[in-house]
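As structure tokens, the structure follows; a few thoughts come after it.
The values are calculated or read from the model by the stated rules, or taken from the named source; none is laboratory data. Just so you know, these numbers come straight off a predicted model, no measurement behind them. Cβ coordinates were reconstructed from backbone atoms using ideal geometry, including for glycine residues, and neighbour counts include every protein chain displayed. Each accessible area value is taken on the protein alone, full model and side chains, heavy atoms only, with ligands, DNA and RNA left out. Shrake-Rupley method; radii C 1.70, N 1.55, O 1.52, S 1.80 Å.
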Amino acid sequence: MLRITVLGSGSRGNAILIDGTDGAVLIDAGFGPRSLVRRLQSVGRRPEEISALLLTHEHTDHASGAVAACARWGWPVYGSGGTIDALGSGSGTDVPLRDARAFAAQGPTLISGFLIETSSVPHDARDCCALVLTDIRSGARAGVAMDVGRVPDTLPVAFERLDLLVVESNHDEQMLARGPYPWSLKQRISGGLGHLSNGAAAAFVSACAHRGLRGVLLTHLSETNNLPSLAIERTRAALRRAGWTRDALLAASQQLPLPPMTSTGEAAWLVRASQLSLGF
């Protein structure tokens, strides 16, 4: 089984709990230990059940709680080589290098019963990465793309045949254009090293849609330049056009965890059953 619980997501902090058959990992720690404990308790979980922290990049809304959490609970920290280098370079998230480990440069990294594969994505960080986690026992696959300025050609390929998909849907294009942010910040957000708009996220999600996709979680919604209803509406319309008609589409909140979303590995089964039609 594969289960994803978004503990909170937005510009003030991000953390995602992923459970597999043999273990649990946390993706990003943009909240301090006290907040993490409260959020975990609200979904019936404890930090001691987590065996590793995986960082998408070093920005404070994704990594500000990494030092204290790892010191308190003994979690190893994994990230791209660039992220690990940035952790000790005055980013505000200085993790002792002995506690930080780089993902394998080639091939997957084995962590707590998951095979972790990384893909570099454009963002104004040292080396931001999207992650694909495969539960070894069930074959179920989850893709997580948190901060993505634009979708590189390699990402839809890496995210083929997922069971669960987590992707940022940061801003509504019109709300950002008409909103209160200064022009320079608007350009940073909407540029190729910023964040995905609702439209860009919807297009990417629809490219990943297939019969075995069990659920989609939209994350990193701006509290100023987006609304959950707008993000969901845009993505749902794109998924319907792609032939995906499930109702398992949720938008994450900054304040409260989402209900867990689960899969038993249908996408992996469909890949193995190559003699079957994979049409919608």
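General remarks:
- Restricted to the range 181-197, and to residues there that are in a helix (DSSP H, G or I) and without any contact (Cβ under 8 Å) to a residue 40 or more places away in the chain, the residue that is most open to solvent (accessible area, probe 1.4 Å) is W183.
- Residue within the range 25-34 that is surrounded by fewer than 21 Cβ atoms within 10 Å (Cβ to Cβ), over 15 Å from the mean Cα position of the chain (by Cα), at positive phi and not hydrophobic (A, V, I, L, M, F, W, C) present: no
- Of all residues in the range 119-169, those being among the hydroxyl-bearing types (S, T, Y), in contact with a helix residue (DSSP H, G or I) (Cβ under 9 Å, 6 or more places away or on another chain) and surrounded by fewer than 24 Cβ atoms within 10 Å (Cβ to Cβ) number 4.
- Contact annotation: residue pairs with Cβ atoms under 6 Å, 6 or more positions apart or on different chains, pairing a residue in the range 66-81 that is closer than 18 Å to L110 by Cα with a partner that is open to solvent by 30 Å² or more (accessible area, probe 1.4 Å), are P76/R101; V77/D99; Y78/R101; S80/D127; G81/A102.
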